[in-house]
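Reviewing the structure listed below.
The values are calculated or read from the model by the stated rules, or taken from the named source; none is laboratory data. Predicted model, so just to flag it, every value in this text is computed and none were measured. Every residue, glycine as well, gets a Cβ built from its backbone with ideal geometry; the counts of neighbours run over all protein chains shown. Ligands, DNA and RNA are excluded from the accessible area calculation, which covers all protein heavy atoms including side chains. Shrake-Rupley method; radii C 1.70, N 1.55, O 1.52, S 1.80 Å.
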Amino acid sequence: MEQERTRVAVAGASGLIGSALVRSLTADGHEVVRLVRRAPRGADEVRWDPERGRVDAAGLAGCDAVVNLAGAGVGDRRWSDAYKKRIHDSRVHATAGLAKAVALLDEPPRVFVNGSAMGIYGETGDRVVDEGAPAGTGFLPELCVQWEAAASPAEEAGVRTVFPRTGLVVARGGGAWGRLFPLFLAGLGGRMGDGRQYWSYIALHDEVAAIRHLMDRDDLSGPFNLTAPEPLTNREITEAMGRVLRRPTLFAVPAPVLRTVLGEMAGDVLGSARVVPKRLLESGFTFAFPGIEDAIRAA
């Protein structure tokens with residue numbers, strides 16, 4: 001898709017990954033249509049209501065690709081029942097509405113890229129998992145299964161559908177690392193729990209490049225883990241942050257404190273996810289920042 005100017009619709013265009021993707025696409029001369037909740041202010045915006053699964057399908061006409069990265073932030077607040085419902089609806093209902101709209105277009109897009117997460121695998125301990133691993137159990141794994149299944153109308157209509165299962169994105173502008181950087185820069189960083197849990201990360205630059213790779217390649221469909229090739233433990237990542245930022249990493253946060261502060265979400269901070277990008281590497285994708293120190297410096 002980089003050889004010619006294309007029209008790409010992006011849901012979640014104001015988020016960490018979405019905004020970076022929009023910048024990348026527009027810098028290369030592609031036309032981007034943003035899905036917005038308010039009244040559109042121009043031809044480059046389309047109205048939608050993600051929680052209700054409603055979208056102005058006419059605005060998607062002529063798009064070569066539709067990319068759905070929308071969803072309430074998983075780490076934005078404690079998981080009350082109400083917020084878990086918002087996390088669910090902002091992904092599952094949004095995906096279902098978009099997939100149905102895509103399927104009904106007279107000329108559907110060449111590809112539907114629907115965001116997902118490595119959380120689908122749940123707790124993996126020291127076990128290395130790739131795209132062939134089964135889904136885990138718990139709120140996030142079950143959410144991810146429903147999230148991907150909601151895209152079935154697009155798949156059934158013959159639209160190539162891709163699920164980037166994103167890991168922890170190393171970036172200063174948001175996500176988990178958006179909270180870690182200020183702590184470490186202030187000299188307050190440290191391991192979480194015993195630090196033995198695996199964190200599967202990816203540099204923001206590589207995340208965007210991988211999404212575009214999946215968009216461009218007409219032979220790629222299904223799930224792809226978007227994580228760096230070598231997952232590291234929380235302890236190893238903590239040490240790398242200290243080295244790169246030249247700060248002490250003495251303030252370990254005990255597991256009971258995390259559970260008190262974060263509630264149910266603490267399970268995902270303390271849990272281990274040793275996820276590798278087998279299918280992405282097999283497709284010929286090359287990481288620009290595969291190592292954690294390079295990813296931290298890039299951020």
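Observations, loosely collected:
- With the whole protein complex present, THR26 retains an accessible surface near 70 Å², based on a 1.4 Å probe.
- Straight Cα distances below 29 angstrom link LYS100 to the lysines LYS84, LYS85, with same-chain residues fewer than 8 positions distant left out.
- Positive-end residue, segment 1-61 charge dipole about Cα centroid, Cβ charges, pick of ALA11, GLY53, THR26: GLY53
- Under the span-like rule (Cα at least 30 Å along the axis, Kyte-Doolittle mean at least -0.5), DSSP H helices of the chain: 81-104
- Modelled FRET efficiency - R0 22 Å, ASP218 with SER14, Cβ distances, 0.05 increments: 0.15
- Test item: Cα-centred dipole of segment 12-167, Lys/Arg +1 and Asp/Glu -1 on Cβ, debye: 620 debye
- At the listed q of 0.09, 0.14, 0.20, 0.21 Å⁻¹, the Debye profile of segment 24-176, built from one uniform point per Cα, gives log10 I(q)/I(0) equal to -0.31, -0.75, -1.37, -1.44.
- Restricting attention to the chain, close to 10% of DSSP beta bridges with both partner residues there are antiparallel.
- Taking all protein chains together, ASP219, ASP106 sort by accessible area into ASP106, ASP219, largest first [probe 1.4 Å].
- Separation between Cα centres of segment 112-187 and segment 8-29, rounded to whole Å: 18 Å
- Global geometry of segment 1-45, whether rounded, prolate or oblate, following the gyration tensor of its Cα atoms and the 1.5 cut on a/c: oblate
- Relative contact order of the chain, pairs being alpha-carbon contacts under 8 Å that are 6 or more residues apart, as %: 18 percent
- Tensor-based shape of segment 116-237 (alpha-carbon gyration tensor, a/c under 1.5 rounded, otherwise prolate or oblate): prolate
- For GLU107, solvent-accessible area (1.4 Å; no DNA, RNA or ligand), Å²: 150 Å²
- Per-residue [θ]222 nm for the chain (sum of -39500 (n - 2.57) over DSSP H runs n ≥ 4, rounded to 500): -11000 deg cm²/dmol
- A 1.4 Å probe, protein heavy atoms only, puts the accessible area of ARG247 near 90 Å².
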